[in-house]
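Chemist: Before we start, here is the structure in question, set down as structure tokens.
The values are calculated or read from the model by the stated rules, or taken from the named source; none is laboratory data. Just so you know, these numbers come straight off a predicted model, no measurement behind them. Ideal geometry is used to build each Cβ from the backbone, glycine not excepted, and the neighbour counts take in all protein chains shown.
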Amino acid sequence: MLREDDSAARKVEKLTRINQVLIDRIDRLEESRGSAWSMFQAAVALEQEVLTRTRQLEQAMADLSQRNRELAVARAAAEEANRSKTRFLRAASHDLLQPLSAARLFLSALTDTPMDPQQLELTDRLSGAFESVEQLMHAVLDISRLDSQRIEFNRQPVPLHDLFRKLAAEYAPLAEAKNLKLSFVQTDAVVESDPVFLRRIAQNLISNAIKYTSRGGVVVGVRRQRNTCWLCIYDTGAGIPAVDRNRIFEEFQRLGHDSGTPGMGLGLSIVRRACNKLGHPISLNSEAMRGTVFKVGLPPAESDHCPRPAVKDLLTTTLRGRVALIIENDEAMRRGYELTLQDHLGMVARLCGSTAEAVATMGEEPPEVIIADYHLEHGDTGVAAIEALRSRLNQPVPAIMVTAHRDPDIARTCAAMGVHLMEKPLRPSELGETLARVLG
């Protein structure tokens with residue numbers, strides 16, 4: 001009986017262990033089934049999240065594409081508006097500068113006549129007013145041209161002594177009016193740049209220095225450092241605070257609030273634009289109450305020597321009695337040329353308004369120099385006039401082209417023809433110097 005009880009006990013114990021093992025296995029299976037279910041649920045939730053994010057990303061991409069299309073349309077419209085503005089200013093520049101150029105020639109002729117003190121004061125004020133209008137016109141046209149993506153520069157060797165001589169004559173009266181000393185350090189440096197824009201850069205920097213200097217003076221010179229010629233403009237003004245040294249290069253920005261200081265705050269903006277386009281580095285150093293120096297880095301030309309013409313001697317000995325043929329369709333400009341060439345320079349001026357009229361005058365004494373306006377009437381141009389006259393005379397008569405269109409194509413055409421190019425409004429002194437060089 002005891003054996004049977006032991007056997008039964010062992011069986012129960014064995015069955016108990018087996019049952020426990022089975023229970024443990026079932027528990028593990030349940031646990032793994034629960035983990036798999038949780039993973040399945042997590043995967044489903046993640047998939048839903050991915051789908052949601054994908055739809056949001058697709059919507060964002062669609063919105064971005066729409067914005068890009070709108071920006072492209074807006075950019076195209078802005079570029080077309082800018083091109084239209086540039087075309088308008090280029091087309092209008094001739095009509096805007098033509099009367100201004102004629103008025104300057106008349107005013108120059110007027111100043112050569114005897115006048116009483118009141119008349120002298122009036123002519124001085126008129127000259128100042130014309131100067132202000134001319135500077136504003138140049139500023140607007142320069143900014144328009146520098147903002148154009150298709151701008152081309154006429155890079156060539158520029159003798160700085162010639163540039164300094166012209167700037168000295170131009171700004172000496174302005175400095176004298178403020179009892180300032182304006183000095184140009186003599187130099188034989190020849191640099192590579194666009195002569196028109198390099199002069200505009202120097203004009204704006206010198207004009208600015210004189211405007212903001214109340215005592216002392218302004219010095220213009222050149223410093224050579226390695227492979228760079230630095231055009232330096234020093235002044236003894238009040239200096240430029242550090243916080244304003246970037247702002248002054250923006251449009252319509254001026255130091256202080258002195259309403260007596262002329263200008264519209266465009267000069268340094270033009271300087272920065274021109275220097276950036278030409279690749280000329282610009283810097284400034286300033287110290288409070290000690291003054292400011294602006295520096296423009298210019299590459300030296302291959303030939304660093306250029307003979308200095310004796311302009312005054314050429315004006316007195318070369319021009320008197322020489323015959324100039326003027327081809328200009330504007331009556332006021334023709335009269336201005338006549339007064340300047342005959343009364344001021346002692347030349348013989350023959351006037352006509354078109355190529356056909358100029359060719360018809362060839363029965364008279366042939367001209368020794370031709371001065372032609374580029375933009376004539378009915379599609380006629382100064383280029384056609386000069387070519388026709390040279391062909392008729394069978395010789396390359398010296399010629400000067402005058403234009404208000406700042407167009408690189410005109411500059412290239414004149415260079416290929418060996419014709420000197422001058423821009424309106426004309427300064428009588430520069431016209432005389434140019435004629436002396438051409439005829440000399």
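Chemist: Quick check on R69: is it of a type in the set (K, R) and at pLDDT below 75?
Modeler: Spelling it out, it is not the case that R69 is of a type in the set (K, R) and at pLDDT below 75.
Chemist: To continue, here is another question. Does L341 satisfy the condition of being buried (at least 20 other Cβ atoms within 10 Å of the Cβ), at pLDDT 85 or above, assigned to a helix (DSSP H, G or I) and among the hydrophobic types (A, V, I, L, M, F, W, C)?
Modeler: yes
Matching residues to (1) over 23 Å from R406 (Cβ atoms); (2) free of Cβ contacts under 8 Å to residues at least 24 places away in the same chain; (3) surrounded by 20 or more Cβ atoms within 10 Å (Cβ to Cβ):
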{"residue": "F153", "(1), (2), (3)": "no, no, no"}
{"residue": "P159", "(1), (2), (3)": "no, no, yes"}
{"residue": "L163", "(1), (2), (3)": "no, no, yes"}
{"residue": "P173", "(1), (2), (3)": "yes, yes, no"}
{"residue": "K178", "(1), (2), (3)": "yes, no, no"}
{"residue": "K181", "(1), (2), (3)": "yes, no, no"}
{"residue": "F184", "(1), (2), (3)": "yes, no, yes"}
{"residue": "A189", "(1), (2), (3)": "yes, no, yes"}
{"residue": "I201", "(1), (2), (3)": "no, no, yes"}
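Chemist: Identify the single condition in (1) touching a strand residue (DSSP E or B) at 6+ places or on another chain (Cβ under 6 Å); (2) buried (at least 20 other Cβ atoms within 10 Å of the Cβ); (3) within 23 Å of A332 (Cβ to Cβ) that M422 does not satisfy, given that it satisfies every other one.
Modeler: For M422, the exception is condition (2).
Chemist: Separate question: I'm trying to understand the selection: among the residues of segment 345-370, which are touching a Gly at 6+ places or on another chain (Cβ under 9 Å), crowded, with 19+ Cβ neighbours inside 10 Å and not polar (S, T, N, Q)?
Modeler: Answer for segment 345-370, where residues must be touching a Gly at 6+ places or on another chain (Cβ under 9 Å), crowded, with 19+ Cβ neighbours inside 10 Å and not polar (S, T, N, Q): L345, M347, I370.
Chemist: Count, please, the residues in segment 382-412 that happen to be among the β-branched types (V, I, T) and modelled with pLDDT under 90.
Modeler: Matching residues across segment 382-412 total 2.
Chemist: Answer with yes or no whether A103 is assigned to a helix (DSSP H, G or I), at pLDDT 70 or above and among the hydrophobic types (A, V, I, L, M, F, W, C).
Modeler: yes
Chemist: Turning to a different aspect of this structure: Which is under 24 Å from A103 (Cβ atoms) and more than 37 Å from the chain's Cα centre (by Cα), of G336, G346?
Modeler: One residue alone meets the criteria, G346.
Chemist: Next up: Here are L351, L389: which of them is more than 21 Å from S429 (Cβ to Cβ) and in a strand (DSSP E or B)?
Modeler: L351 is the lone residue from the list that is more than 21 Å from S429 (Cβ to Cβ) and in a strand (DSSP E or B).
Chemist: Also, I was wondering about something else. Could you list, ordered by first residue, the pairs with Cβ atoms under 7 Å in which the first is in segment 273-290 and under 14 Å from T228 (Cα atoms) and the second is surrounded by 16 or more Cβ atoms within 10 Å (Cβ to Cβ) and of a type in the set (V, I, T), at least 6 apart or interchain?
Modeler: Within 7 Å, the pairs are H280/V296; I282/V271; I282/V296.
Chemist: Specify which of the listed residues (I371, I282) is modelled with pLDDT of 90 or more, more than 26 Å from L205 (Cα to Cα) and of a type outside the set (G, A, S).
Modeler: Exactly one residue qualifies, and that residue is I371.
Chemist: Tell me which residues, restricted to segment 392-417, are within 16 Å of E152 (Cα to Cα), touching a strand residue (DSSP E or B) at 6+ places or on another chain (Cβ under 9 Å) and in a helix (DSSP H, G or I).
Modeler: The answer is I410, A411, T413, C414, A415.
Chemist: Can you pull out the residues in segment 371-385 that are assigned to a loop (DSSP other than H, G, I, E, B) and either in contact (Cβ under 8 Å) with a residue 60 or more places away in the chain or buried (at least 16 other Cβ atoms within 10 Å of the Cβ) (or both)?
Modeler: Residues satisfying the conditions are Y374, L376, D380.
Chemist: Residues being over 12 Å from L105 (Cα atoms), of a type in the set (D, E) and part of a helix (DSSP H, G or I): count how many of those fall in segment 418-440.
Modeler: 1
Chemist: Also, I was wondering about something else. Looking at (1) assigned to a helix (DSSP H, G or I); (2) closer than 19 Å to K295 by Cβ, can you tell me which one V158 breaks?
Modeler: Single failed check for V158: (1).
Chemist: Being touching a strand residue (DSSP E or B) at 6+ places or on another chain (Cβ under 7 Å), of a type in the set (A, V, I, L, M, F, W, C) and under 15 Å from L325 (Cα atoms): is that true of A372 here?
Modeler: yes
Chemist: Then there's this: Across segment 233-242, what is the total count of residues that are surrounded by fewer than 17 Cβ atoms within 10 Å (Cβ to Cβ) and of a type in the set (A, V, I, L, M, F, W, C)?
Modeler: So the answer is 1.
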